[in-house]
Amino acid sequence: MNEYVNVERYQQTLSKVIQCKTVSHLDETETDWGEFEKLHKVFEEAYPLIHSKLKKEIIGKAGLVFTWEGTNPDLKPIALIGHQDVVPVPEETYGDWTHDPFSGDIADGYLWGRGAVDMKDHVVAVMESVETLLEEGYVPERTVMILFGYNEELVNNEDAAAILIANTMKERGIRFESVLDEGGGVPKLRIPGVIQKDLAVVGIAEKGYADFRLTVEATGGHSSTPPAHTAVGILARAITRIENNMYKAEMTPQLNMVLDKLFDSLDFPTSILGKGLSIARPLLRPILGAIPAAASFMRTSMSVNMVSGSPQANVLPQVATATMNTRIMPGQTIEEVKHYLEKVIKDKRVKVECIGGSDPAPMSATDTPSFKAIDEISTELFEKSVTVPFQVMGATDARHYRIVTDQLYRYSPFNIPANIFLLFHQTDERMTLESMEKAVAFFKMYIKKLT
Ligand SMILES: [Zn+2]
């Protein structure tokens with residue numbers, strides 16, 4: 001690797017950023033905005049060139065936006081996005097942490113604290129890379145924009161900073177070449193004799209999300225003279241029909257692509273097994289489809305989670321409702337899921353309505369300069385990695401940016417063991433010190449390649 005990285009400054013800055021308790025709350029009056037200001041101060045002190053050479057804006061309550069003007073205004077800018085907020089640490093789990101969750105302690109090969117994986121590590125790496133490029137006198141031809149929101153963790157929130165920021169960009173007539181957000185990563189897959197590869201997992205698609213309410217109305221009356229089916233009974237049958245008619249799990253082109261890459265990277269003699277599995281692919285569909293975690297990559301999921309009926313045991317329900325959550329596969333829409341529900345329920349007395357959600361973002365292409373840059377740089381930095389386009393399960397801020405770009409990629413270039421990767425929102429969230437130099441180098445190389 002030929003990129004200079006100021007690892008010491010990166011670690012010190014990340015440590016200070018983790019010490020800012022930028023926890024987001026649905027009730028914004030509970031959010032401590034002073035902590036976000038503190039975070040901005042940390043950036044001001046650590047990154048003087050960014051603050052003197054780039055245009056800085058605060059959008060909304062604490063959205064941080066920097067514009068690094070390129071020399072060629074005809075080129076569409078690239079966007080590096082992220083969120084400054086973190087999820088809370090439940091009071092009762094405080095004592096379980098090896099280091100205080102807001103200490104930013106550096107110990108035993110790790111930097112500890114809430115946000116070390118999701119996603120202060122990524123946000124600080126973006127800032128660090130730009131400051132270093134400025135120190136090196138780099139001049140981009142294409143404009144680079146950094147856009148950090150402040151409430152990504154609240155998921156289904158109308159007041160999402162990302163919506164506000166993306167709309168602001170749209171109003172200005174800005175269209176991005178591409179948007180790079182968190183979502184994927186470079187987990188280490190090392191099983192001796194089986195696989196010696198790392199996967200550079202790049203999110204190119206994201207499931208949609210929708211809540212539906214099922215409602216049955218009835219005349220009510222006294223429960224000493226009940227009808228054959230009460231509103232609750234009719235609703236119960238509808239729920240059973242839904243559960244018995246889940247969407248069929250499909251081998252999507254994406255899943256096939258992932259399996260191809262995985263099979264190719266297996267060591268001999270496991271590779272023979274891989275080849276065999278590859279040929280027996282039609283058999284994989286029902287096997288994977290039976291595993292909930294795998295099936296969720298292969299179909300729209302549906303889960304009935306709330307029900308209500310009569311308020312009293314001896315009163316017939318006049319109305320019964322059930323509320324369910326669905327996660328929608330790319331290529332489908334909320335409207336299609338609604339029709340599917342009506343079809344399987346097969347009962348006009350059950351009203352189906354969507355009470356909130358968003359369609360899946362369209363899948364981003366993999367033959368674009370931005371995806372190719374991610375692939376090439378990852379292959380160079382993470383010697384043993386295979387780049388795999390994938391579908392992100394959780395909702396990220398990236399989806400809100402589809403109004404200003406066709407190319408949304410979700411990738412955090414941290415090469416870490418899978419158990420560290422999975423520590424987001426968990427106790428003892430921490431990042432390996434070893435992964436940091438390459439992560440910063442990734443963003444330097446990404447900016448240089450595309451601008
Ligand atoms: Zn996140």
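FYI, it's all coordinate maths here, none of it is from the lab. Computed from a predicted model, the values in this text were never measured in an experiment. Note: ideal-geometry Cβ built from the backbone for every residue, glycine included; neighbour counts use all protein chains shown.
In plain terms, the C-alpha convex hull of region 23-64 casts an average shadow of 3.1 nm² when viewed from every direction.
Determine one quarter of the surface area of the Cα convex hull of region 126-208, which equals its mean projected area, and express it in nm² to one decimal.
Mean projected area for region 126-208: 9.1 nm², to one decimal.
Spin-label pair Glu158-Leu433: with each label point 7 Å from Cα along the Cα-Cβ axis, the two points sit 4.8 nm from one another. Note on Arg237 and His425: their simple-model spin labels are 3.7 nm apart, each label 7 Å out from Cα toward Cβ. Note on Lys197: lysines with a C-alpha under 16 Å away, same-chain residues under 8 apart excluded, are Lys188, Lys261, Lys384. Calculate how steeply helix 33-46 sits against the longest principal axis of the alpha-carbon atoms of the chain, using the helix alpha-carbon long axis, and give the answer as 0 to 90 degrees to the nearest 10. Its long axis makes an angle of about 30 degrees. In plain terms, the residue of Tyr110, Tyr10 with the fewest other Cβ atoms within 10 Å comes first and the most crowded comes last, giving Tyr110, Tyr10. Its Cα gyration tensor gives region 323-451 an equivalent ellipsoid; the semi-axes, largest first and in whole Å, are 37, 19, 12. Here region 421-451 is scanned for amide nitrogen atoms under 17 Å from the site 7 Å beyond the Cα of Thr368 along Cα-to-Cβ, giving 446-451. Taking every DSSP beta bridge that has both ends in the chain, the antiparallel portion is near 65%.
Protection proxy ranking for 312-322, 23-33, using the average of other Cβ atoms within 10 Å per residue and placing the highest first: 312-322, 23-33. One way to sum up the overall shape of the chain is the equivalent ellipsoid from its Cα gyration tensor, whose semi-axes run 42, 28, 22 Å, largest first. Let me make sure I get this right: for region 1-87, a, b and c are the square roots of the gyration tensor eigenvalues over alpha carbons, sorted descending. Under 1.5 in a/c it's rounded, otherwise prolate if a/b > b/c, else oblate. Which is it? Oblate is the answer for region 1-87, as a/c is 1.5 or above yet b/c matches or exceeds a/b.
Each 5 Å bin, from zero up to the one with the longest distance, holds this percent of the alpha carbon pairs of region 10-169: 2, 9, 17, 21, 19, 15, 10, 5, 2, 1, 0.
Tell me, what is the FRET efficiency for Asp347 and Ser223 to the nearest 0.05, using R0 = 30 angstrom and their Cβ-Cβ distance as r? E between Asp347 and Ser223, to the nearest 0.05, is 0.85.
What is the local net charge at Leu189, summed over the other residues whose Cβ is closer than 10 Å to its Cβ (Lys, Arg +1; Asp, Glu -1)? Could you put the intermediate results ahead of the total?
Values: positive: Lys188, Arg190, Lys197, Lys384; negative: Asp198.
Every neighbour counted, the sum reads +3.
Using C-alpha pairs below 8 Å separated by at least 6 residues, the relative contact order for the chain is 26 percent. Close amide-amide hydrogen proximity is noted between Thr98 and Asp428, each under 5 Å apart and 5 or more residues distant or on a separate chain (H modeled in the peptide plane; Pro and chain starts excluded). Straightening the chain between Glu135 and Glu380 buys 85.8 nm, computed as 0.36 nm per residue apart minus the Cα-Cα spacing.
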